[in-house]
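Colleague: Structure in structure tokens, see below.
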Amino acid sequence: MSEIIKPGAGVIFMKVGTHAKEGLAAIIARKRKEIEDEGIAMWGYGGNTCHPSSMVQPFARDFADRQQPIHLVMQRMNSRHYAEQVRARQYSVDGVSWKLVPPGINVLGSRFALVIKNLREHEDTLDLSRTRVAVGRNQGRLGSRYVQGQADKACLEVVEPELSNQPQKAVPINLVAVLEEPYAVFLRED
């Protein structure tokens, strides 16, 4: 356990790599510059396992109400995401009211984004068998049973170790960031 990954902590686990034809090192450098210039960055993603309004926002608000941060914990992976580098021009907290993405923030090839600050390299380990899905129809399911196959991200709560027949499923964590309100947003090109 660490200061980030400990029982009671809320984390969003995500596998990360090349995205929209851009290597991870370039993405990290760009996001750090966005945080330096704008105070936040938007970390783009797709898929519905971390839907902004039905999963990430309620999950993050629950931990904010407890005065606890939500950390985005990321595992590097080899990725073949070669979608076009189309910049999102607008974002929305609710999918209804839209605002312009600040000019200093570039979110490429994504439907959604996590709003983050304090992006840093951080070597750690997350045992997915010691986490539970914290929100949605799979709430309560072991993280190790949920994060597999096409599911490469999840809203998880770290739990106390249990005596069980479940094998450990420890994954390396290489990057972390802190989520900032409004936590997650919808994106569109125009």
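The values are calculated or read from the model by the stated rules, or taken from the named source; none is laboratory data. Fair warning: this is a prediction, and the values are worked out from it, not measured in the lab. Don't worry about glycine lacking a Cβ; one is built from the backbone with ideal geometry, like all the others, and counts go over all protein chains shown. Only protein heavy atoms, including side chains, enter the accessible area calculation; ligands, DNA and RNA are left aside. Shrake-Rupley method; radii C 1.70, N 1.55, O 1.52, S 1.80 Å.
Colleague: Those residues that are surrounded by fewer than 15 Cβ atoms within 10 Å (Cβ to Cβ) and at positive phi, I need them from segment 83-117; list them, please.
Modeller: G95
The rows are residues; the columns are (1) of a type in the set (K, R); (2) part of a loop (DSSP other than H, G, I, E, B).
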residue	(1), (2)
A64	no, no
G104	no, yes
A113	no, no
N118	no, no
D124	no, no
R137	yes, yes
S144	no, no
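Colleague: Take S144 and decide whether it is open to solvent by 20 Å² or more (accessible area, probe 1.4 Å) and among the hydroxyl-bearing types (S, T, Y).
Modeller: Spelling it out, it is not the case that S144 is open to solvent by 20 Å² or more (accessible area, probe 1.4 Å) and among the hydroxyl-bearing types (S, T, Y).
Colleague: Now, a different point. Quick check on segment 158-174. Is at least one of its residues open to solvent by 40 Å² or more (accessible area, probe 1.4 Å), acidic (D, E) and in contact with a Lys or Arg (Cβ under 6 Å, 6 or more places away or on another chain)?
Modeller: Checked against the condition, which is being open to solvent by 40 Å² or more (accessible area, probe 1.4 Å), acidic (D, E) and in contact with a Lys or Arg (Cβ under 6 Å, 6 or more places away or on another chain), segment 158-174 yields no hits at all.
Colleague: Quick one: in segment 147-157, which of the residues that are within 18 Å of H71 (Cα to Cα) and open to solvent by 20 Å² or more (accessible area, probe 1.4 Å) is modelled with the highest pLDDT?
Modeller: E157
Colleague: Please go through segment 62-80 and pick out each residue that is open to solvent by 80 Å² or more (accessible area, probe 1.4 Å) and touching a residue at least 60 places away in the same chain (Cβ under 8 Å).
Modeller: Just the residues of segment 62-80 that are open to solvent by 80 Å² or more (accessible area, probe 1.4 Å), to begin with: 65-67, 76, 78, 80.
Once the filter is applied, which keeps residues that are open to solvent by 80 Å² or more (accessible area, probe 1.4 Å) and touching a residue at least 60 places away in the same chain (Cβ under 8 Å), segment 62-80 yields R76, N78, R80.
Colleague: Of all residues in segment 1-22 being part of a loop (DSSP other than H, G, I, E, B), modelled with pLDDT under 90 and out of contact with any Phe, Trp or Tyr (no Cβ under 7 Å at 6 or more places or on another chain), which is surrounded by the fewest Cβ atoms within 10 Å (Cβ to Cβ)?
Modeller: E3
Colleague: Can you tell me which of L100, L108, L126, L72 is over 29 Å from L142 (Cα atoms), within 16 Å of the chain's Cα centre (by Cα) and hydrophobic (A, V, I, L, M, F, W, C)?
Modeller: Step by step, each of L100, L108, L126, L72 is checked, and only L108 is over 29 Å from L142 (Cα atoms), within 16 Å of the chain's Cα centre (by Cα) and hydrophobic (A, V, I, L, M, F, W, C).
Colleague: Of all residues in segment 23-53, which are assigned to a helix (DSSP H, G or I), out of contact with any Asp or Glu (no Cβ under 9 Å at 6 or more places or on another chain) and not β-branched (V, I, T)?
Modeller: Residues satisfying the conditions are L24, A25, A26, A29, K31, R32, K33, E34, E36, D37, E38.
Colleague: Further question on the same structure: Determine the pairs where a residue that is in contact (Cβ under 8 Å) with a residue 24 or more places away in the chain and over 14 Å from K153 (Cα atoms), located within segment 165-179, has a partner that is part of a loop (DSSP other than H, G, I, E, B) and open to solvent by 60 Å² or more (accessible area, probe 1.4 Å) with Cβ atoms under 7 Å apart, the partner being 6 or more residues away or on another chain.
Modeller: Pairs found: V178/P69.
Colleague: Of everything in segment 66-80, what is of a type in the set (K, R) and either in a helix (DSSP H, G or I) or more than 16 Å from W43 (Cα to Cα) (or both)? Give them in sequence order.
Modeller: R66, R80
Colleague: With the requirement that a residue be part of a strand (DSSP E or B), touching a residue at least 40 places away in the same chain (Cβ under 8 Å) and closer than 15 Å to I40 by Cα, what does segment 81-102 give you?
Modeller: Within segment 81-102, just Y91 meets the criteria.
Colleague: Could you tell me whether segment 125-148 includes any residue that is farther than 20 Å from E38 by Cα, of a type in the set (F, W, Y) and touching a helix residue (DSSP H, G or I) at 6+ places or on another chain (Cβ under 9 Å)? Steps first, answer last, please.
Modeller: Taking segment 125-148 first, the residues farther than 20 Å from E38 by Cα are 125-148.
This time we only want the ones that are of a type in the set (F, W, Y), so: 146.
Adding the requirement that they be touching a helix residue (DSSP H, G or I) at 6+ places or on another chain (Cβ under 9 Å) leaves 146.
Checked against the condition, which is being farther than 20 Å from E38 by Cα, of a type in the set (F, W, Y) and touching a helix residue (DSSP H, G or I) at 6+ places or on another chain (Cβ under 9 Å), segment 125-148 yields at least one hit.
Colleague: Here's a follow-up. Can you tell me which residues in segment 31-54 are open to solvent by less than 50 Å² (accessible area, probe 1.4 Å) and either over 15 Å from V178 (Cα atoms) or at pLDDT below 95 (or both)?
Modeller: Selection gives G44, Y45, G46, G47, T49, C50, H51, P52, S53.
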